[in-house]
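The values are calculated or read from the model by the stated rules, or taken from the named source; none is laboratory data. This one's a predicted model, so the numbers in the text were calculated from it and none came from an experiment. Neighbour counts run over all protein chains shown; Cβ positions are idealised from the backbone, glycine included. Quick note on the areas: whole protein, heavy atoms, side chains included, nothing else; ligands and nucleic acids left out. Shrake-Rupley method; radii C 1.70, N 1.55, O 1.52, S 1.80 Å.
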Amino acid sequence: MTTEEHFIYNYREAFIRAVRVIKTADLPLLLEQGEVSAELIGAIMLDELQRRDWLDHIQDIESRFLNSYTRPLKNMGRWLLSRMLKPIDDISLGPAQMKPSVIEDLIQEKLVAKPENWDNQKIDISIKWLLDPQKSAELIGARLEQIVRHWAKGGVDISNKPEILGTLYSIGLVGRAGVNNNPQANERGERIANELRKKVRQILVEGELMS
């Protein structure tokens, strides 16, 4: 078992809890698949973990330190980080490799419960969540539900297309073609849907990888 696969094993209960029943009351069509599965959530996290590099680790470490600073130092640290890299709300963090700005969208769409003091501590709470593997699984599930709902509102059901969801997770709600009746998966999405989902399924169901 690789380091990344062992990570999935350690947090397998978080993926099971992160399963989503997709909200459909306001959608113009019936979905073929009514939930976001634990194995797809885990496969996407496994893909993100496998792609992490030194810069991702530095960003996570610096963000963790920023959250421990007092307010003046925190503001200065964020300014320095934005000068060296980019604004903190536009940096992908943690095992989900999600931006704080995406969490804000998920809360606005009521796909994630709004925490106390959110309006005054959006960045602090977002960083804390993104660096927490337990919460990251939930956030991935919420993002996948958001993607399915966005396409459904445009009249296209991608709920049973894990290769498309795996593709869109890393590029946004839509690709360059926008919502369309013939979305195409990239190599990354195909690998998530096939190879990585199978590995995660074995971890979650069997508790280990099959040889």
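Selection over the stretch 119-156 of residues that are out of contact with any helix residue (DSSP H, G or I) (no Cβ under 7 Å at 6 or more places or on another chain) and surrounded by fewer than 21 Cβ atoms within 10 Å (Cβ to Cβ) gives a count of 10. Count of the stretch 86-138 residues, restricted to those that are out of contact with any strand residue (DSSP E or B) (no Cβ under 7 Å at 6 or more places or on another chain) and in a helix (DSSP H, G or I), is 28. Within the stretch 182-197, the set of residues being part of a loop (DSSP other than H, G, I, E, B) and either among the β-branched types (V, I, T) or open to solvent by 40 Å² or more (accessible area, probe 1.4 Å) (or both) comprises N182, Q184, N186.
Considering only the stretch 61-72, I want to know if a residue exists there that is open to solvent by 70 Å² or more (accessible area, probe 1.4 Å), modelled with pLDDT under 90, part of a helix (DSSP H, G or I) and of a type in the set (A, V, I, L, M).
Start the filter on the stretch 61-72 by keeping residues that are open to solvent by 70 Å² or more (accessible area, probe 1.4 Å), which leaves 61, 64-65, 68-72.
Of the ones still in play, those that are also modelled with pLDDT under 90 are 61, 64-65, 68-72.
Add one more test, that the residue is part of a helix (DSSP H, G or I), and what stays is 61, 64-65, 68, 71-72.
Okay, now just the ones that are also of a type in the set (A, V, I, L, M), so 61.
Within the stretch 61-72, one or more residues are open to solvent by 70 Å² or more (accessible area, probe 1.4 Å), modelled with pLDDT under 90, part of a helix (DSSP H, G or I) and of a type in the set (A, V, I, L, M).
Summed over the stretch 24-39, the residues that are surrounded by 15 or more Cβ atoms within 10 Å (Cβ to Cβ) and of a type outside the set (S, T, Y) give a count of 7. Considering only residues in the stretch 157-176 that are of a type outside the set (S, T, N, Q) and in a helix (DSSP H, G or I), the one that is surrounded by the fewest Cβ atoms within 10 Å (Cβ to Cβ) turns out to be I171. If E145 passes every condition in (1) more than 18 Å from V19 (Cα to Cα); (2) at pLDDT 95 or above but one, which one does it miss? Unmet condition: (1). Taking A152 as the residue in question, decide whether it is under 20 Å from V112 (Cα atoms), more than 17 Å from the chain's Cα centre (by Cα) and part of a helix (DSSP H, G or I). Against the criterion (under 20 Å from V112 (Cα atoms), more than 17 Å from the chain's Cα centre (by Cα) and part of a helix (DSSP H, G or I)), A152 qualifies.
Only one entry of V200, V179 meets the criterion of being in a loop (DSSP other than H, G, I, E, B), crowded, with 16+ Cβ neighbours inside 10 Å and in contact (Cβ under 8 Å) with a residue 12 or more places away in the chain, and that entry is V179. A count restricted to the stretch 155-191 and to residues that are acidic (D, E) and within 16 Å of the chain's Cα centre (by Cα) stands at 1.
Restricting the stretch 106-118 to residues that are crowded, with 16+ Cβ neighbours inside 10 Å and touching a residue at least 24 places away in the same chain (Cβ under 8 Å) leaves a set whose member that is nearest to T24 (Cα to Cα) is L111. Residues in the stretch 125-137 that are within 8 Å of the chain's Cα centre (by Cα) and not polar (S, T, N, Q): A137 only.
For the stretch 1-23, a tally of residues being in contact (Cβ under 8 Å) with a residue 24 or more places away in the chain, open to solvent by 60 Å² or more (accessible area, probe 1.4 Å) and of a type in the set (A, V, I, L, M, F, W, C) returns 2.
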